[in-house]
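Worksheet: one structure, shown below.
The numbers here are math on the coordinates, done by the rules we state, and not lab data. Since the model is a prediction, treat every value here as computed from it, not as a measurement. As a convention, Cβ positions derive from the backbone with ideal geometry for all residues, glycine included, and neighbour counts pool all protein chains shown.
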Amino acid sequence: MASVNIDAQVAAAKLEVSTEGYFPAPIKGEFYQKHLISAEQLTSLGELDELFKVAAVMEDIVKGHRRVNLLAGQTAVVNFAQPSSRTFASHVSAALNLGMKVVAMQGADAMSSFAKGEGIDDALVAFYQTTGCSVLVQRHPEDNSALIAAEAADKYYSEKLSVINGGSGKAEHPTQALLDLRTIHKFLGGQWENLQDFELTCSGDPKNSRTIKSLCSLLAMVNRSLRERGVEANIKINLVAPKETRLSSTEEGRTLIDSWKSSPDGSPNLVVNEYAEFDDDLFTQTDVLYHTRVQSEWFEDQDEFDSASSSFRLTRELMDRANALREQAGKKYIGVMHPLPRINEIERAVDGLPGSLYHNSQMPEGLYVRMALIALLRVPPGELRFWMRRMELTSPLKKLKDSLLRSAGRFL
Ligand code: ASP
């Protein structure tokens, strides 16, 4: 029997589709029937306000254990060709919470026709034809994988199918950026103006981390939009990494940093600085520390990985010291975030600190924000507004709060 070179077939299938010049429609105030592939599709604070408003209703629904059927009759396919726990579970849960049917595939790199060499565009056609899905959430190791899927969806199914990028190679993870931003927004008191002098320090693996890249792109937009609103915003991003994982060590990384530092019209935007290690000044200035694991899957040289991954560990001792420095400067304790999974770069003793946001804030936000996103992409705006109003009026949590306030009022 002739032997078949599967790797060559897989490579050929990947090359057959090109995304040159393609970029999905920007949100520009209207999520309905679009894709979410890149954080750069978001163009204004108004869009974030809308998403966060819907997320607040979703939060109330989840916390009140309410059943809703907003998207009953529609199907979501969740197709993941790279490992995932949170992004996978929260998208499946989000779709089910909205009343959708869900077809979910983990390990698609080995267990779906990807393993036989099928291209991303053909896989999308297969999912649409076999399930009639209106949402496809995809994770894939290629940087341009989500672009390929969105381009195919536009070509074959126009507005009937929204693609959500659940992580594409080292490039983007826009839903993580949204949940991270809502976490930061809440941590700072729920007002955009509080981000005026916000300082974010991203550490660990800025070179390979798609979550750092998408979050910083979103923050660059926030800084620009705040200025457009007349707020003198000066958000600062500090990237702390050993030489092996420095973002500016690649051409793409340098281009990305430049795009955050300036606006499309060439005017300066936020400030980005790179550091090789933490120091006291950095801790004093940092409002939120976004730590990441050094991503072994992208390293070819074991020694390089060992050297990079042994560089930083957030210990309880270090965080206590950082918080003492913040207190001396009259500032709130540091928020500690991590997209997870954690390997050993955050000591478990850090988990209980009030600023540690990765378990109790980021993870539940992932569910609320993804429910909101799916609703915004698939429910006509007028219908969604009407539904939200109804949900707010009939919220058991709100009723409970109102009645507690009324009884408290009687005793005042
Ligand atoms: N879960 C995140 C991602 O998929 C971060 C990580 O894997 O370290 O990019």
Listed residues Ala177, Ala150, Ala308, most fluctuating in the chain (Gaussian network, C-alpha, under 10 Å): Ala308
Toy charge model, Lys and Arg Cβ at +1, Asp and Glu Cβ at -1: the chain dipole around Cα centroid in debye, rounded to 20, equals 2340
Quick one: 3J(HN,Hα) in Hz for the range 37-47, Karplus 6.51/-1.76/1.60 with θ = phi - 60°, rounded, Gly and Pro as x. 10, 9, 4, 6, 6, 7, 10, 8, 4, x, 5
In the Gaussian network model of the chain, springs joining C-alpha atoms below 10 Å, which of Val294, Val240, Val271 carries the largest mean-square fluctuation? Val271
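Given +1 on the Cβ of Lys and Arg, -1 on the Cβ of Asp and Glu, and no further charges, what dipole in debye does the range 101-240 carry about its Cα centre, rounded to the nearest 20? Before the final figure, lay out the partial values.
On the way: 15 positive and 17 negative charges, 52 e Å.
Charge dipole of the range 101-240: 240 debye, to the nearest 20.
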Long-range amide H partners of Leu36 with built H, under 5 Å: Val163, Ile164, Asn165
Give the whole-number value, in cubic angstrom per residue, of the convex hull volume spanned by the C-alpha atoms of the chain. 171
So who's got an amide H within less than 5 Å of the one on Val240, skipping anything under 5 residues away but keeping other chains? H placed 1.01 Å off N, in plane. Cys202, Ser203, Gly204, Tyr275
Please list, in order along the range 184-192, the HN-Hα scalar couplings obtained from phi with the Karplus expression 6.51 cos²θ - 1.76 cosθ + 1.60 (θ = phi - 60°), rounded to whole Hz, x for Gly and Pro. 5, 4, 5, 4, 8, x, x, 10, 4
Highest first, please rank the peptides 200-212, 132-144 by the mean number of other Cβ atoms sitting within 10 Å of their residues. 200-212, 132-144
Label points 7 Å out from Cα along the Cβ direction at Lys53 and Val125: separation in nm? 4.1
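Order these peptides, 39-50, 160-171, by their mean beta-carbon neighbour count within 10 angstrom, highest first.
On the way: 39-50: 19.1, 160-171: 23.8.
Top of the packing list down: 160-171, 39-50.
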Charge dipole (debye, nearest 20) of the range 174-364; +1 at Cβ of Lys and Arg, -1 at Cβ of Asp and Glu: 740
Applied in sequence order to the range 314-323, the curve 6.51 cos²θ - 1.76 cosθ + 1.60 (Karplus, θ = phi - 60°) yields integer Hz couplings, x standing for Gly and Pro, of 7, 9, 4, 4, 5, 6, 4, 5, 4, 5
What residue among His35, His65, His173 shows peak mean-square fluctuation when the chain is described by a Gaussian network model with Cα springs under 10 Å? His65
C-alpha center-to-center spacing [the range 351-410, the range 99-174] in angstrom: 29
Nearest-5 percent of antiparallel DSSP beta bridges in the chain? 5
With unit charges on the beta carbons (Lys and Arg positive, Asp and Glu negative) and the dipole taken about the Cα centre of the chain, which residue among Ser259, Ser145, Ser38 sits farthest to the positive side? Ser38
Only bridges with both residues in the range 174-364 count here: give the DSSP antiparallel percent, nearest 5. 5
One point scatterer per Cα, no solvent, Debye formula: log10 I(q)/I(0) for the range 174-364 at q = 0.15, 0.16, 0.18, 0.19 Å⁻¹ comes out as -0.88, -1.01, -1.30, -1.44
